[in-house]
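Single-structure report; data block below.
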Amino acid sequence: MSSKDQIVIFDTTLRDGEQSPGCSMNLEEKLKMARLLDEMGVDIIEAGFPVASPGDFEAVNEIAKTVKNSVVCGLSRAKKADIEASGDAIKPAKRKRIHTFISTSPLHMKHKLQMPPEQVLEAVAESVTFARNFTDDVEWSAEDASRTEDDFLCHAVEIAINSGATTVNIPDTVGYTIPEEYGAKIAMLMERVPNIDKAIISTHCHNDLGLAVANSLAGVANGARQIECTINGIGERAGNAALEEIVMALRTRHDMMPYTTNIETEKITKISRTLSAITGFAVQPNKAIVGANAFAHESGIHQDGMLKHANTYEIMTPESVGLTESKLVMGKHSGRHAFKTKLAELGFELGDNALQEAFARFKNLADKKKEIFEDDLIALVEDEVVRENERIKFVSLQIVAGTKGPQTAELTLSIDGAEKITKVEGNGPVDAIFKAIREIEPHADAHLKLYQVHAVTGGTDAQAEVTVRLEENGRTVNGQGADADTLVASARAYINALNKLMMKREGFNPQTASDALAP
Ligand code: KIV
Ligand code: ZN
């Protein structure tokens, strides 16, 4: 798979990323991400941990059926049941990988596994050999490798390769290592493991000290040819190495790091935004590559330099990460045809009903807002498929806010076609709105886990995008709402989350419904 200078990009957003607190995604959301990762050119998608739950199994299985080019990978501990579950889940994939791991550091072997080192080595041989029954592409990981003794790590890696591992992963599980040390570890393995030429060495670095990307690149400089990473750097604790940073560092500093990847970097911005909309995890504004300020120039001196020559303060172009200058594209005079064409340009093909609905919302927005940007349109249509299947629909909202009266929400919803109205006081307008929704459609077991507002575009007339996360009996859903009025966006987001929850309760299959919306 890998030529000498080709770096294999292994994305674990849907596994290591998804297992981080608050980042859980439902099936529809995972499929959407998997399609985007596939289209972007990710070589391997680690789709989940199939033995963990029936939901994880189903997600990996559905992703295996959906993905066109990427290898689909399932994670497994060094246990037969785990490996079997991964083997079954990835079966439909065109190209499949099993990833099996066990800890190798003295600390983990003694306290976590409570296994003597010899038994761990036996488990390495057994698990990799067993995994080879399901696919020829087997990856083995030495969990906590960065704190593992060199002799033992060499021995374990050699056994894994002899047993059939084609990739050996050297995780810095706890984000403890530093670039010099990690690079030396990879160089040491390249030099001392006799059969290392039969496998690719992989990096998997966590970001506890903010060094995940630097450590991964140090690994590559010393012989690693696969990097494990996640979109926006999500993952356990402080996260994993960020895919967009790795790929853009390799592209921008090709003079110092002469390696290539298969990633279409122009797709980075879209996938980053999609993930943050799905999880409700906003990207920090100064985040490298995908932060809102990553290509913004504020100071007079910088603006002056930029106007004279972009290279003065820009080491990569915004276009190279898919950031087109948000331009005015549509206004209140634009017709349905132009709207449909513009959406297609942005990568969305809506079914007739969804288009009708989205167009009506667009006209509404155009009445309230002078300028409509591409980001506004994306925010407007993104949730349309779920909306098409909604039982609860937002009808109208009247708010009393400010310092004088009791803050009150008068809300009208349509439930299965029948309009219901209520007027409720609250501790602030948002509280009043959420109470009103609860009164019209009681859902005592669902708890509000997140309420987040951000402006999609700059300016006081920016469209507000609100995320609401609800949790009910272990099921988590994220609802999104966008509107020029933040309170209306809040109501829409809550209703969207509640609809998703109701769909989940009723066993609604969003995958079939999502055919109406591409991507
Ligand atoms: O961080 C880690 O060690 C892991 C392994 C399962 C590869 O995520
Ligand atoms: Zn990890």
Complete set of residues in region 420-439 that are part of a helix (DSSP H, G or I), open to solvent by 20 Å² or more (accessible area, probe 1.4 Å) and farther than 20 Å from Asn499 by Cβ | Pro429, Asp431
The correct count of residues that are over 19 Å from Thr274 (Cα atoms), touching a residue at least 40 places away in the same chain (Cβ under 8 Å) and in a helix (DSSP H, G or I) in region 51-83 is 3
Within region 1-42, how many residues are open to solvent by less than 20 Å² (accessible area, probe 1.4 Å), among the acidic types (Asp, Glu) and away from ligand 2 (no atom under 16 Å from the Cβ)?
-> 2
Say we look at region 298-324 and pick out the residues that are modelled with pLDDT of 80 or more and not aliphatic (A, V, I, L, M); which of these is nearest to Glu374 (Cα to Cα)?
-> Gly322
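Based on this model, can you work out whether Ile234 counts as of a type in the set (Val, Ile, Thr), in contact (Cβ under 8 Å) with a residue 60 or more places away in the chain, within 16 Å of ligand 2 (Cβ to nearest atom) and open to solvent by 10 Å² or more (accessible area, probe 1.4 Å)? Before the answer, list the steps.
Details: of a type in the set (Val, Ile, Thr): yes; in contact (Cβ under 8 Å) with a residue 60 or more places away in the chain: yes; within 16 Å of ligand 2 (Cβ to nearest atom): yes; open to solvent by 10 Å² or more (accessible area, probe 1.4 Å): yes.
Yes; evaluated as a whole, the condition is true for this residue.
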Only one of (1) over 22 Å from the mean Cα position of the chain (by Cα); (2) modelled with pLDDT under 85; (3) part of a loop (DSSP other than H, G, I, E, B); (4) not assigned by TED's automatic domain parsing to the domain that holds Leu377 does not apply to Ala282, and that is (1)
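Regarding Asp255, is this residue more than 16 Å from ligand 1 (Cβ to nearest atom), outside any helix (DSSP H, G or I) and of a type in the set (Asp, Glu)? Outline the logic, then answer.
On the way: more than 16 Å from ligand 1 (Cβ to nearest atom): yes; outside any helix (DSSP H, G or I): yes; of a type in the set (Asp, Glu): yes.
In short, yes.
Would you be able to tell me the number of residues in region 98-118 that are outside any helix (DSSP H, G or I), in contact (Cβ under 8 Å) with a residue 24 or more places away in the chain and away from ligand 2 (no atom under 16 Å from the Cβ)? It would help to see each step written out before you state the result.
Just the residues of region 98-118 that are outside any helix (DSSP H, G or I), to begin with: 98-105, 114-116.
From what's left, in contact (Cβ under 8 Å) with a residue 24 or more places away in the chain: 98-105.
Keeping just the survivors that are away from ligand 2 (no atom under 16 Å from the Cβ) gives 98.
Number of matching residues: 1.
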Would you call Ala482 farther than 20 Å from Glu58 by Cα and outside any strand (DSSP E or B)?
-> no
Do you know which residues across region 386-406 are closer than 18 Å to Ile440 by Cβ, assigned to a loop (DSSP other than H, G, I, E, B) and open to solvent by less than 50 Å² (accessible area, probe 1.4 Å)?
-> Glu390
Leading residue by the ranking (farthest from the chain's Cα centre (by Cα)) among those in region 143-188 that are within 16 Å of ligand 2 (Cβ to nearest atom) and open to solvent by 50 Å² or more (accessible area, probe 1.4 Å) = Arg147
In region 181-212, anything small (Gly, Ala, Ser) and touching a strand residue (DSSP E or B) at 6+ places or on another chain (Cβ under 7 Å) is listed as Ala199, Ser202, Ala212
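If you go through region 145-190, how many residues are of a type in the set (Ser, Thr, Tyr) and either in contact with a Gly (Cβ under 7 Å, 6 or more places away or on another chain) or in a helix (DSSP H, G or I) (or both)? Walk me through how you get there before you give the answer.
First pass over region 145-190, keeping only residues of a type in the set (Ser, Thr, Tyr): 146, 148, 163, 166-167, 173, 176-177, 182.
Filter once more, so that each one left must be either in contact with a Gly (Cβ under 7 Å, 6 or more places away or on another chain) or in a helix (DSSP H, G or I) (or both): 146, 163, 182.
Matching residues across region 145-190 total 3.
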Only one of (1) in contact with an Asp or Glu (Cβ under 7 Å, 6 or more places away or on another chain); (2) in the same structural domain as Ala489 (by TED's automatic domain parsing) is not met by Ala379, so which one is it?
-> (2)
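The values are calculated or read from the model by the stated rules, or taken from the named source; none is laboratory data. Remember, predicted model here, so these are calculated numbers, not experimental data. With ideal geometry, Cβ positions are generated from the backbone for all residues, glycine too; neighbour counts draw on all protein chains shown. For the accessible areas, the whole protein counts, side chains as well, though only heavy atoms, and no ligand, DNA or RNA atoms are used. Shrake-Rupley method; radii C 1.70, N 1.55, O 1.52, S 1.80 Å.
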